[in-house]
């Protein structure tokens, strides 16, 4: 392949970083330029100093039982920093107390005895869940609330399913697709028409020597995307917003980069769009209008993470575990809290006499919760933590990280929507999309999306090179 091959990657989050890394691996003679509109790569994998320690203020863990994330970390030289959470339990703040989170498949109880002992449900709610009605599997996609609620009752949805979905998507079970947003629940139908029974069977048949569910990095996950783009054939341009893309003759693409009064017009042999759905739709509208229209149908939820550093004697109880989830029906502002310095051994060591904890706020449609200044958000989080774990006294430090439009909402019909986007993109050779909007919001899924986009571009360029040689 000609050494003049140039690929542009728009968006420097983990999907874009992965796509860039995969491209230089597949196309050794190519140069890849990553255009990132902010002042740093990494997107929602970000870190900052709180209480004298650099901590994650975005995602802090990744699935360990999918191979993509841990493999990528190892490939870019971070293998020795891979760590797992401490073996501590999580809780649910419901019915006036922190209660043990019973085992489940994304909120579908996998042990009725553990569910009873946890007392997270009322007596009526437990009796309804234990009934586990055998409802026929729907032929079309439905919401998570509809699918689970018809089988186990509304209280299971409100108390167990909602907080788990909120932690992943910051969304609502009544709107999220069971097939796209809760595939583990959807897969239970293969074991029978009673989903709680199927969840129990699945749990009982699982190997007992499984590796830890989650992994992190000593020092924080924010290190991963920076290491991924650290390659001599990858050029990173921060503070560089791509305003337009357009096809050129002979299969190449033009890009308009920068502010309107100082825009550059550049060219590339191919382009990967690793941006959220809305900016991707704007860039695609002239060239692939069908994909642009479908992308505009994907909504996003905003959220904020409030990280606090406090002295150990300022917490009355509750920090012995990894944290707790909060069902929306409780009417609290926070949707979850993580005791990060308890969850991660490396952080506990570096924090010394301080406890580092974080609370997340904001769900889809609750933007008003986030329309407060940082001081108000900190006070809101502290008020809920005071009631939950007795937090009191002055803070040693605090930080607010806002993620406006941070999490795509996989609403009913999402899988078909993504399939149609793929069909439309197939008509634009040399152009590919990737990111959390498509096949999963978790870190391994985002990495897989970036790799798939890179492979599409590499296959296209290699085929074009072969045709030219002939």
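The values are calculated or read from the model by the stated rules, or taken from the named source; none is laboratory data. Worth saying up front: this structure is predicted, and the values here are computed from it rather than measured. Note that we place each Cβ from the backbone using ideal geometry, even for glycine, and neighbour counts take in every protein chain shown.
Can you say whether residue 454 is assigned to a helix (DSSP H, G or I) and buried (at least 19 other Cβ atoms within 10 Å of the Cβ), as far as the supplied structure shows?
Values: assigned to a helix (DSSP H, G or I): yes; buried (at least 19 other Cβ atoms within 10 Å of the Cβ): yes.
So residue 454 fits the description; yes.
Quick one: in the range 355-379, which of the residues that are free of Cβ contacts under 8 Å to residues at least 24 places away in the same chain and outside any loop (DSSP other than H, G, I, E, B) is farthest from residue 321 (Cα to Cα)?
Among those that are free of Cβ contacts under 8 Å to residues at least 24 places away in the same chain and outside any loop (DSSP other than H, G, I, E, B), it is 368.
State the number of residues belonging to the range 29-57 that are surrounded by fewer than 20 Cβ atoms within 10 Å (Cβ to Cβ) and either touching a helix residue (DSSP H, G or I) at 6+ places or on another chain (Cβ under 6 Å) or under 15 Å from residue 356 (Cβ atoms) (or both).
Looking only at that region, the number is 4.
Which of the residues belonging to the range 358-379 are touching a strand residue (DSSP E or B) at 6+ places or on another chain (Cβ under 7 Å) and surrounded by 15 or more Cβ atoms within 10 Å (Cβ to Cβ)? Write out each step before concluding.
From the range 358-379, those touching a strand residue (DSSP E or B) at 6+ places or on another chain (Cβ under 7 Å) are 358-364, 367, 369-370, 374, 377-378; that's our starting set.
Correct list: 358, 359, 360, 361, 362, 363, 364, 369, 370, 377, 378.
Just to check your reading of the model, which residue among 316, 309 is in contact with a helix residue (DSSP H, G or I) (Cβ under 9 Å, 6 or more places away or on another chain), at pLDDT 95 or above and either assigned by TED's automatic domain parsing to the domain that holds residue 59 or in a helix (DSSP H, G or I) (or both)?
On the way: 316 fails: at pLDDT 95 or above.
When all the criteria are applied, what remains is 309.
Is it true that residue 148 is without any contact (Cβ under 8 Å) to a residue 60 or more places away in the chain, under 26 Å from the mean Cα position of the chain (by Cα) and farther than 24 Å from residue 436 by Cα? Show your work before the answer.
On the way: without any contact (Cβ under 8 Å) to a residue 60 or more places away in the chain: yes; under 26 Å from the mean Cα position of the chain (by Cα): yes; farther than 24 Å from residue 436 by Cα: yes.
Here the answer is yes, as residue 148 does meet what is asked.
Among the residues of the range 10-24, is there at least one that is over 21 Å from the mean Cα position of the chain (by Cα) and either part of a loop (DSSP other than H, G, I, E, B) or not assigned by TED's automatic domain parsing to the domain that holds residue 267 (or both)? Can you show your working first?
Residues of the range 10-24 over 21 Å from the mean Cα position of the chain (by Cα): 23-24.
Then keep just the ones that are either part of a loop (DSSP other than H, G, I, E, B) or not assigned by TED's automatic domain parsing to the domain that holds residue 267 (or both); that gives none.
No, the range 10-24 contains no residue that is over 21 Å from the mean Cα position of the chain (by Cα) and either part of a loop (DSSP other than H, G, I, E, B) or not assigned by TED's automatic domain parsing to the domain that holds residue 267 (or both).
Can you tell me which residue among 283, 255, 294 is surrounded by 15 or more Cβ atoms within 10 Å (Cβ to Cβ), over 27 Å from the mean Cα position of the chain (by Cα) and touching a residue at least 60 places away in the same chain (Cβ under 8 Å)? It would help to see each step written out before you state the result.
Working: 283 fails: over 27 Å from the mean Cα position of the chain (by Cα); 294 fails: over 27 Å from the mean Cα position of the chain (by Cα).
Criteria check complete, one pass: 255.
For the structure I just gave you, tell me whether residue 249 is at pLDDT below 95 and either farther than 22 Å from residue 45 by Cβ or surrounded by fewer than 19 Cβ atoms within 10 Å (Cβ to Cβ) (or both).
Values: at pLDDT below 95: yes; either farther than 22 Å from residue 45 by Cβ or surrounded by fewer than 19 Cβ atoms within 10 Å (Cβ to Cβ) (or both): yes.
Against the criterion (at pLDDT below 95 and either farther than 22 Å from residue 45 by Cβ or surrounded by fewer than 19 Cβ atoms within 10 Å (Cβ to Cβ) (or both)), residue 249 qualifies.
Count, please, the residues in the range 178-209 that happen to be farther than 23 Å from residue 128 by Cα and either surrounded by 15 or more Cβ atoms within 10 Å (Cβ to Cβ) or within 26 Å of the chain's Cα centre (by Cα) (or both).
Narrowing the range 178-209 to residues farther than 23 Å from residue 128 by Cα: 179-181, 183, 205-209.
Applying the additional criterion that residues be either surrounded by 15 or more Cβ atoms within 10 Å (Cβ to Cβ) or within 26 Å of the chain's Cα centre (by Cα) (or both) yields 179-181, 183, 206.
Residues meeting the conditions: 5.
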